[in-house]
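All remarks here apply to the structure that follows.
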Amino acid sequence: MALGGFGMVDEHLRDKRILVVDDERDLASMVAAILRGAGFARVDVAHSGEEALAALDGRPVRSRPANPQEHGGLRPAPSSRVTSSGNSTSCEHGASESAYQLFVLDVMMPGMDGFELLTRLRERPAYTRAPVVFLTAKDEPFDRVSGLSLGADDYIAKPFLPQELVLRATAVLRRCYAEESPLLELDACRVNLATAEVLRADGETALLTAKEHEILSVLARNAGRIVTIDSLCEACWGTSFGYENSLMAHIRRLREKIEANPSKPASLVTARGLGYKLVKRG
Amino acid sequence: MFVALALLIVMVDFFLYTLIAYRESNEHYNDDSPATAVRAVDAALSRGEDGAWTLSEDGEQALDERGAWALLVDESGAVAWSQRVPDEVPRSFSPNDVAMAAHYAEIADYPAFFWDRDDGLLVVGFPKGEYWHESLTYPASTIANLPLYVLLVFAVDLGILFVLYAVARRRTQSAVGPIVDALDALSEGRAAELNLKGDLREIGQRITETSGIIEQKDAARANWIRGVSHDIRTPLSMILGYADAIAADEGASDDVRADAQVIRAQGLKIKDLVTDLNTASKLDYDMQPLDLERVHLPRLLRSVVVEHVNSGLDELHPLELDLDENALDAVVLADERLIGRAVENAIANARLHNERGCRVQVTLAVRGERALVRVADDGAGTSAEELAELKARLARARTARSAAGSYGEEHGLGLVLVDRIVRAHGGSISIESEPERGFSVELSLPLA
């Protein structure tokens with residue numbers, strides 16, 4: 001049995017170091033196994049805030065490479081490359097070789113809780129903007145607000161399904177490390193999101209406008225999932241009110257640039273009444 | 001009420017007066033009255049042929065019994081006869097003396113009674129201080145008006161009584177008012193604190209104490225529900241995680257994978273239940289200040305539906321969203337999370353009752369001042385009896401104080417919560433169904 005195969009994790013994200021902190025050892029192991037199963041090669045586990053902070057200082061952490069005996073027969077992750085991509089200019093912080101690039105934190109822990117751990121994290125120059133996802137058994141709005149206002153990037157309410165965990169973690173990583181993978185492979189073209197250039201299969205090229213680029217980036221981060229009209233408008237204009245027609249106009253022009261047949265879109269698909277979905281090639 | 005009280009007082013007064021008068025007259029005026037003594041003496045006193053006065057034994061006895069004395073004044077004013085007359089009593093009376101004595105009914109401080117005889121005036125004197133006499137003289141008009149005066153006095157009395165009554169009543173009401181308010185608050189599940197003065201102080205303290213106890217129990221229950229739902233989440237995450245992994249494991253046999261899918265599906269039901277319980281508990285205790293904000297319904301519905309579609313878990317229950325042209329800008333004043341929860345519950349209800357699959361359609365329309373969110377499936381539906389029973393159950397749950405308290409009947413909390421949430425927002429729900437023609441829930445919410 002493998003906790004794996006929940007959506008493919010983009011190649012450039014697989015080497016991101018992830019630290020899972022949860023006082024429930026079994027749950028922490030499971031989360032780590034799920035992430036490894038999804039393709040993340042470097043997942044560490046800590047069982048308390050103190051342990052996590054020690055890990056940041058480079059002191060040994062119970063790094064848990066998948067261990068069949070210990071994890072109920074979980075197979076090691078299929079891609080067990082442990083070498084780092086060596087890209088130290090990632091995201092918003094200068095990540096060193098050993099630095100973590102994503103934290104998955106439990107909120108309720110004895111001693112130092114998740115919020116406090118996040119505050120302590122943010123005090124460190126290397127982690128002022130490191131992406132953080134909370135795992136919370138509480139679903140009180142207050143907790144969400146306080147988690148997000150501290151600078152958490154997302155939260156996942158327990159109980160969750162493995163897919164959800166992988167999708168959220170991947171989405172956060174894609175957002176945070178977008179510039180590492182500027183190339184978007186679509187059915188009828190290849191888009192370089194760093195330069196906003198569209199290289200069409202028919203040999204033509206096109207340039208994306210700022211709004212088109214924004215829309216395509218949001219859709220690319222959530223590739224394979226429907227993004228609501230409202231989320232797109234919020235990403236482009238900061239509000240979801242009154243921009244639906246503009247959005248439609250931008251989508252239409254975007255399709256003209258990236259689709260082989262704009263009236264029969266294969267990449268930028270409409271989910272009727274809901275929003276749009278980007279389908280990547282392959 | 002007041003009239004009855006006044007009547008009662010008059011009757012009691014009258015009764016007491018009669019009683020006392022009867023008793024007094026019995027005691028003093030029957031055998032024992034001065035008038036009988038005087039009459040006895042009069043009868044006993046006679047003048048013989050020789051002009052000598054004799055008092056028969058009856059007369060003497062009558063005098064002796066009362067320690068009284070007697071004398072007879074003749075026409076000249078001289079005492080013609082006397083018996084046991086004290087020394088200070090004069091032995092002759094001028095017309096003035098007689099008039100004054102008769103006026104004050106006493107002679108030399110002895111209460112005296114007079115009897116007119118052919119041969120003179122009989123005077124019977126009693127021991128000092130035994131009788132009290134007052135002669136009163138009023139103008140005839142005064143006496144004629146007497147009933148009026150009595151009435152007037154009575155009316156004034158009534159007035160005073162009424163004022164007293166009104167004041168007392170008012171004071172009671174002002175004291176009872178807060179108590180009633182406090183009890184109302186308690187029965188509605190709110191806290192009550194009472195600071196009363198005077199006689200009712202203790203009642204106030206007791207109500208405050210009671211409120212405290214109820215509050216503690218409520219809080220304990222809410223905490224308990226929260227605690228349980230919190231503690232279930234972590235193990236449930238793991239059950240779901242591993243069941244999901246087994247269900248997706250290509251190395252496992254089909255049977256095992258099917259079993260794992262059942263575990264996962266049931267786990268998801270527990271997840272819904274836990275969330276419902278938590279929401280119900282929140283509705284019960286934190287509802288009063290609803291977290292109201294302007295909620296753009298199309299946006300909310302899109303995110304609810306997209307979350308389901310994106311989860312990709314449920315291929316048996318495809319979900320569609322249909323927004324009416326006129327509802328694209330529908331905004332309600334609501335607690336976004338709660339309304340989202342209500343719609344999710346309605347969708348979950350459709351899935352729960354159609355395990356073999358059905359299409360679920362979410363529609364939004366605006367009619368008049370109301371936004372109508374409709375969650376309809378094309379599944380098995382339900383019979384008229386079952387529908388009526390469900391409606392009755394919702395009605396019962398409405399009168400129950402606590403949403404969490406209506407847990408335990410047939411189907412968990414799903415639609416009960418939808419109803420509660422919608423009603424807390426000033427809306428209402430209606431359900432419709434026909435066998436084999438699906439089931440629909442319509443949430444009607446007032447537009448902002």
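Taking the range B:242-263 as the search range and keeping residues that are within 8 Å of chain A (Cβ to nearest Cβ) and in a helix (DSSP H, G or I), which one is surrounded by the most Cβ atoms within 10 Å (Cβ to Cβ)?
Only one residue tops the list, namely B:A245.
Can you tell me which residues in the range B:312-322 are outside any loop (DSSP other than H, G, I, E, B) and more than 7 Å from every other protein chain (Cβ to nearest Cβ)?
Once the filter is applied, which keeps residues that are outside any loop (DSSP other than H, G, I, E, B) and more than 7 Å from every other protein chain (Cβ to nearest Cβ), the range B:312-322 yields B:L319, B:E320.
Among B:R370, B:R396, B:R423, B:R374, which is the only one that is modelled with pLDDT under 85, within 45 Å of the chain's Cα centre (by Cα) and not acidic (D, E)?
Result of the check over B:R370, B:R396, B:R423, B:R374: B:R396.
A quick yes/no check of all residues on (1) open to solvent by less than 60 Å² (accessible area, probe 1.4 Å); (2) not charged (D, E, K, R); (3) not in a helix (DSSP H, G or I):
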| residue | (1), (2), (3) |
| --- | --- |
| B:L183 | no, yes, no |
| B:E193 | no, no, yes |
| B:I213 | no, yes, no |
| B:A219 | yes, yes, no |
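Can you name the strands (runs of 3 or more DSSP E) wholly within the range A:172-228 that have at least 3 residues being buried (at least 21 other Cβ atoms within 10 Å of the Cβ) and within 14 Å of another protein chain (Cβ to nearest Cβ)?
Once the strands (runs of 3 or more DSSP E) in the range A:172-228 are filtered for at least 3 residues that are buried (at least 21 other Cβ atoms within 10 Å of the Cβ) and within 14 Å of another protein chain (Cβ to nearest Cβ), what remains is A:226-228.
Pick out the one residue from A:A169, A:A201 that is at pLDDT 85 or above, out of contact with any Gly (no Cβ under 6 Å at 6 or more places or on another chain), within 27 Å of A:L102 (Cα to Cα) and hydrophobic (A, V, I, L, M, F, W, C).
Going through A:A169, A:A201 in turn, just one is at pLDDT 85 or above, out of contact with any Gly (no Cβ under 6 Å at 6 or more places or on another chain), within 27 Å of A:L102 (Cα to Cα) and hydrophobic (A, V, I, L, M, F, W, C): A:A169.
Within the range B:1-92, which strands (runs of 3 or more DSSP E) (wholly inside it) include 2 or more residues that are small (G, A, S)?
Those strands (runs of 3 or more DSSP E) span B:79-83.
Check the range B:32-54 and report whether any residue there is open to solvent by 40 Å² or more (accessible area, probe 1.4 Å) and under 60 Å from the mean Cα position of the chain (by Cα).
yes
For the range B:335-349, which positions are of a type in the set (D, E) and in a helix (DSSP H, G or I)?
Hits for the range B:335-349 are B:E336, B:E344.
Within the range A:17-37, how many residues turn out to be facing chain B (nearest Cβ under 10 Å) and farther than 16 Å from A:D113 by Cβ?
Adding up the residues that qualify gives 7.
Run B:S187 past the list (1) more than 30 Å from B:G267 (Cβ to Cβ); (2) surrounded by 15 or more Cβ atoms within 10 Å (Cβ to Cβ); (3) among the polar types (S, T, N, Q) and report the number of the one that doesn't hold.
Of everything listed in (1) more than 30 Å from B:G267 (Cβ to Cβ); (2) surrounded by 15 or more Cβ atoms within 10 Å (Cβ to Cβ); (3) among the polar types (S, T, N, Q), B:S187 misses just condition (2).
Those residues that are more than 11 Å from every other protein chain (Cβ to nearest Cβ), open to solvent by less than 60 Å² (accessible area, probe 1.4 Å) and not in a helix (DSSP H, G or I), I need them from the range B:323-334; list them, please.
Within the range B:323-334, B:A330, B:V332, B:A334 qualify.
Give the range B:350-384 a look and list any residue that's part of a loop (DSSP other than H, G, I, E, B) and open to solvent by less than 80 Å² (accessible area, probe 1.4 Å), or say none.
Across the range B:350-384, the qualifying residues are B:N354, B:G357, B:C358, B:G368, B:G379, B:A380, B:G381, B:T382, B:S383.
How many of the residues in the range B:268-278 are over 15 Å from B:G227 (Cβ atoms) and more than 9 Å from every other protein chain (Cβ to nearest Cβ)?
4
Which one is nearest to A:Y243 (Cα to Cα), of the residues in the range B:292-307 that are more than 7 Å from chain A (Cβ to nearest Cβ) and open to solvent by 50 Å² or more (accessible area, probe 1.4 Å)?
B:R294
Give me a count of the residues in the range A:270-282 that are surrounded by 13 or more Cβ atoms within 10 Å (Cβ to Cβ) and more than 21 Å from the chain's Cα centre (by Cα).
Summing the residues that are surrounded by 13 or more Cβ atoms within 10 Å (Cβ to Cβ) and more than 21 Å from the chain's Cα centre (by Cα) in the range A:270-282 gives 4.
Can you confirm whether the range A:234-241 contains a residue that is at pLDDT 90 or above and either within 12 Å of chain B (Cβ to nearest Cβ) or buried (at least 20 other Cβ atoms within 10 Å of the Cβ) (or both)?
no
From the list B:V73, B:V79, which residue is in contact with a helix residue (DSSP H, G or I) (Cβ under 9 Å, 6 or more places away or on another chain), touching a residue at least 12 places away in the same chain (Cβ under 8 Å) and farther than 13 Å from B:V41 by Cα?
B:V73
Find all pairs meeting these conditions: Cβ atoms under 9 angstrom apart; at least six residues apart or on different chains; first residue within the range B:143-170 and more than 16 Å from B:D13 (Cβ to Cβ); second residue not in a helix (DSSP H, G or I).
Matching pairs, first to second residue: B:L146/B:Y138; B:Y165/B:M1; B:R169/B:M1.
Mind checking which pairs have a first residue in the range B:48-70 that is under 15 Å from B:P127 (Cα atoms) and a second that is part of a helix (DSSP H, G or I) and open to solvent by 30 Å² or more (accessible area, probe 1.4 Å), Cβ under 7 Å, 6 or more apart or different chains?
B:A62/B:A40
Given the options B:A380, B:A334, name the one that is touching a residue at least 24 places away in the same chain (Cβ under 8 Å), closer than 30 Å to B:E215 by Cα and not basic (K, R).
Answer to the selection: B:A334.
Quick one: in the range B:229-241, which of the residues that are more than 7 Å from chain A (Cβ to nearest Cβ) and free of Cβ contacts under 8 Å to residues at least 12 places away in the same chain is surrounded by the fewest Cβ atoms within 10 Å (Cβ to Cβ)?
Looking at residues that are more than 7 Å from chain A (Cβ to nearest Cβ) and free of Cβ contacts under 8 Å to residues at least 12 places away in the same chain, I get B:D231.
The values are calculated or read from the model by the stated rules, or taken from the named source; none is laboratory data. What you see is a predicted model; the values in this text were computed from it and never measured. Positions of Cβ are generated from backbone atoms using ideal geometry, with glycine treated the same way; all protein chains shown enter the neighbour counts. Quick note on the areas: whole protein, heavy atoms, side chains included, nothing else; ligands and nucleic acids left out. Shrake-Rupley method; radii C 1.70, N 1.55, O 1.52, S 1.80 Å.
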